Amino acid sequence: MDRIRIIGGTPLNGRIRISGAKNAALPLMAACLLSDEDVTLTNLPHLADIMTMTNLLAQHGVKLTLTDQDGGALCFNASHIFNLKAPYDIVRKMRASILVLGPLLSRFGKAKVSLPGGCAIGTRPVDLHLSALEKMGAEIKIKEGYIVAFTETGKLKGAEIVFPKVTVGGTENILMAATLAEGRTVIKNAAREPEITDLAECLIKMGAKIEGLGSDTLIVDGVEHLHSATHKVIADRIEAASYAIAAAITRGRIELTDIPLNLLSAVAHVLIDIGVSITETENGFITDAQNAYLIGTDVMTEPYPGFPTDVQAQLTALLTTVSGASLVTESIFENRFMHVPELARMGANINVHGVSSAIIRGVPRLSGAEVMATDLRASMGLVLAGLAAEGETIVNRVYHLDRGYEHLEDKLSSCGANIERLHGE
Ligand code: UD1
């Protein structure tokens, strides 16, 4: 298995182009199942999760065509779907596979999708997806580890869905399902993540009738048919936040391009609060922590527009290197402090209280160590710690990073990081 080797301690300095967002690309790819015409997505990142979604769609019968040389644009054609089953072997690799359920059920009146099961950052059930689809007239049974869903008439019916808890994937699944349902669907307490607005914008290009974009109430009037469209995947705000933190943790300066700063308001506020300078540019922003004196702060993760849970591990790594104490509270997922014991092995001073809070006291210097993490963002937290630490850090289980960070080593070494991939057998 591959590993990443980092020699830390160099302030990073340079410019990084931000890729298309994985968490926008995955639902957009699932949305291609709603139409029998070509849907072309551009700015797709080269990531393992995108490959997994490609494989899932292909086994349903979706035809894929590369429409540019480097593969950043793909044309999806779902006119000959021959299999409505999403198998366990693919779903277990990537929970976002559940996003094919709404589109398949809505267009074909039935679907069979493996239950995702547990994952490293908590139990992460899909009960809210299922109860909302039931409200739209679907009959759902769990059989031999699969969600077996069908509609008696072959069509879902519009309904009022009030999510008791904000769910990104649940909102996306119901939004897609509602586009081809009979009548009006109102989704209340909808998640407001920019990736959902991106999905809604693409669906509108395909002929869907959706109002309330960016708000917590989405109104969808079902249509008979969705047609061809071309859509550019929104920039990855989590990748951008991670590289902004790379600049901060190494006390360097990085310009990030192709990313609107307003997608990262909550992260920018926290960075500014601890003493980092953030300057907006024409198509991105500059994060500058050269000669800065950084101090601790208190942060709680929340649904958008709050501070993202997907940046919690990276921020925690940064806070281990600043003066004074910080309190980080995780309110979205249980079990999302798995990186803490590994950071402690690098000399960090962190006390986890219960399952949701961590008190971090800054230390003068982290020291390199061999570490591993159990999920994507926690792995990035360790890479960032390694960039700041004295000496050598080896990050194991690089496959987590390959799920979500395109050209990670290239992007960081272009800013002066001493980082390389060690290929395993
Ligand atoms: C998405 C993101 C993930 C991010 C998360 C929260 C993608 C592909 N993944 O995950 O990177 O960390 O949003 O911003 O976009 N829940 C239930 N029942 C459900 C659904 C969710 O209890 O049916 C709970 C979850 O366990 C969690 C919370 O709701 O505690 C939020 O989860 P959700 O927003 O659904 O996350 P994902 O869509 O899985």
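The values are calculated or read from the model by the stated rules, or taken from the named source; none is laboratory data. Remember, predicted model here, so these are calculated numbers, not experimental data. Counting neighbours? That spans all protein chains shown, and the Cβs are built from the backbone with ideal geometry, glycine included. Just the protein is used for accessible areas: all its heavy atoms, side chains included, with ligands, DNA and RNA removed. Shrake-Rupley method; radii C 1.70, N 1.55, O 1.52, S 1.80 Å.
Once fully extended, how much extra length lies between GLU224 and GLU139, figured as 0.36 nm per residue of separation less the alpha-carbon to alpha-carbon distance?
The GLU224-GLU139 span can extend by a further 28.5 nm.
I need the Debye-formula profile for segment 47-182: one equal scatterer per C-alpha, no solvent, reported as log10 I(q)/I(0) at q = 0.19 1/Å, two decimals.
Cα-only, vacuum Debye calculation for segment 47-182: -1.14.
With a Förster radius of 56 Å, plug the Cβ-Cβ distance of THR374 and ASP36 into 1/(1 + (r/R0)^6) and report the FRET value to the nearest 0.05. Don't jump to the answer; show the numbers that get you there.
On the way: r = 40 Å, r/R0 = 0.72.
E between THR374 and ASP36, to the nearest 0.05, is 0.90.
So if I take the centroid of the Cα atoms in segment 40-69 and the same for segment 172-203, what is the distance between those two points in Å?
22 Å
Nothing charged except the Cβ atoms of Lys and Arg (+1) and of Asp and Glu (-1): what's the magnitude of the dipole of the chain about its Cα centre? Round to the nearest 20 debye.
740 debye
Would you please give the residues with an amide H less than 5 Å from that of GLY61, counting only those at least 5 places away or on a separate chain, with H modeled from the backbone geometry?
Distant-sequence amide H within range of GLY61: PHE82.
List the lysines whose Cα lies under 17 Å from the Cα of LYS110, skipping any in the same chain that are fewer than 8 positions away.
Result set, ordered by chain and number: LYS85, LYS135, LYS141, LYS143, LYS155, LYS157.
For segment 72-86 and segment 314-346, what is the separation of their Cα centres, given in Å?
40 Å
Quick check on segment 133-213: take the gyration tensor over C-alpha atoms, sort the square-rooted eigenvalues as a ≥ b ≥ c, and tell me if it's rounded (a/c under 1.5), prolate or oblate.
It is prolate, given that a/c is not under 1.5 and a/b is the larger ratio.
Pulled fully out, how much extra length does the chain show between GLU302 and ARG17, if you take 0.36 nm times their separation in residues and subtract their Cα-Cα distance?
Using 0.36 nm per residue and subtracting the Cα-Cα distance, I get 99.9 nm.
Rounded if a/c is under 1.5, else prolate if a/b is larger than b/c, else oblate: which is segment 288-354, with a ≥ b ≥ c the root eigenvalues of its Cα gyration tensor? Before the final figure, lay out each step's value.
Numbers: a/c = 1.94, a/b = 1.20, b/c = 1.62.
Because a/c hits 1.5 or more and a/b fails to exceed b/c, segment 288-354 counts as oblate.
Taking the convex hull of the Cα atoms, report for the chain its projected area averaged over all directions, in nm².
Working: hull surface 76.2 nm².
Across all orientations, the chain yields a mean hull projection of 19.0 nm².
Just order 92-105, 308-321, 335-348 by mean Cβ neighbour count inside 10 Å, highest at the front, would you?
308-321, 92-105, 335-348
Once the Cβ-Cβ distance between MET51 and ARG124 is put in as r, and R0 is 25 Å, what FRET efficiency do you end up with, to the nearest 0.05?
0.70
Tell me the per residue accessible area of the chain using a 1.4 Å probe; a whole number in Å² is fine.
Numbers: 16410 Å² over 425 residues.
Per residue, the chain has an accessible area of 39 Å².
In whole percent, what relative contact order does segment 230-376 give with Cα contacts below 8 Å and a gap of six or more residues? Write out the running numbers ahead of the final one.
On the way: 267 pairs, mean separation 27.2, N = 147.
Relative contact order here is 19 percent.
Cα gyration tensor of segment 375-421, axes a ≥ b ≥ c as square roots of the eigenvalues: rounded (a/c below 1.5), prolate (a/b > b/c) or oblate? Intermediate values should be presented prior to the final figure.
On the way: a/c = 1.88, a/b = 1.21, b/c = 1.56.
Taking the square roots of the gyration eigenvalues as a ≥ b ≥ c, segment 375-421 is oblate.
For segment 136-287, place one equal point scatterer on every Cα, skip the solvent, and apply the Debye formula. What is log10 of I(q)/I(0) at q = 0.13 Å⁻¹?
Relative scattering, expressed as log10 I(q)/I(0), comes to -0.73.
So which residue, out of VAL328, VAL162, VAL383, gets the largest mean-square fluctuation from a GNM of the chain using Cα contacts under 10 Å as springs?
In this elastic network of the chain, the residue with the biggest mean-square fluctuation among VAL328, VAL162, VAL383 is VAL162.
Distance from the Cα centre of segment 266-286 to that of segment 90-167, in angstrom?
First find each Cα centre; the distance between them is then 38 Å.
Which percent, nearest 5, of DSSP beta bridges in the chain are antiparallel?
The antiparallel fraction comes to roughly 70 percent.
Amide H of LYS232: which non-local residues (sequence gap of 5 or more, or other chain) have their own amide H closer than 5 Å, using H built in the peptide plane?
Those qualifying (amide H under 5 Å, at least 5 residues apart or on another chain) are THR42.
Quick one: compute the contact order of the chain, relative version, from alpha carbon pairs under 8 angstrom and 6+ residues apart, as a percent.
21 percent
So what's the net charge close to SER97: Lys and Arg +1, Asp and Glu -1, counting the other residues with Cβ under 11 Å from its Cβ?
Numbers: positive: ARG92, LYS93, ARG95; negative: ASP49, ASP89.
Residues close to SER97 contribute a combined charge of +1.
Hey, any idea what % of the chain's accessible area is carbon plus sulfur with a 1.4 Å probe?
Heavy-atom surface of the chain belonging to carbon and sulfur, 1.4 Å probe: 50 percent.
At 0.36 nm per residue, and after removing the present C-alpha to C-alpha distance, how many nm does the segment from ASP216 to VAL355 gain when stretched out fully? Walk me through the numbers on the way to the answer.
On the way: separation 139, 0.36 × 139 = 50.04 nm, distance 2.80 nm.
Here the answer is 47.2 nm.
Choose one answer from ASN283, ASN396, ASN23: the residue with the largest mean-square fluctuation in a GNM of the chain with alpha-carbon springs under 10 Å.
Sorting by GNM fluctuation, first place goes to ASN283.
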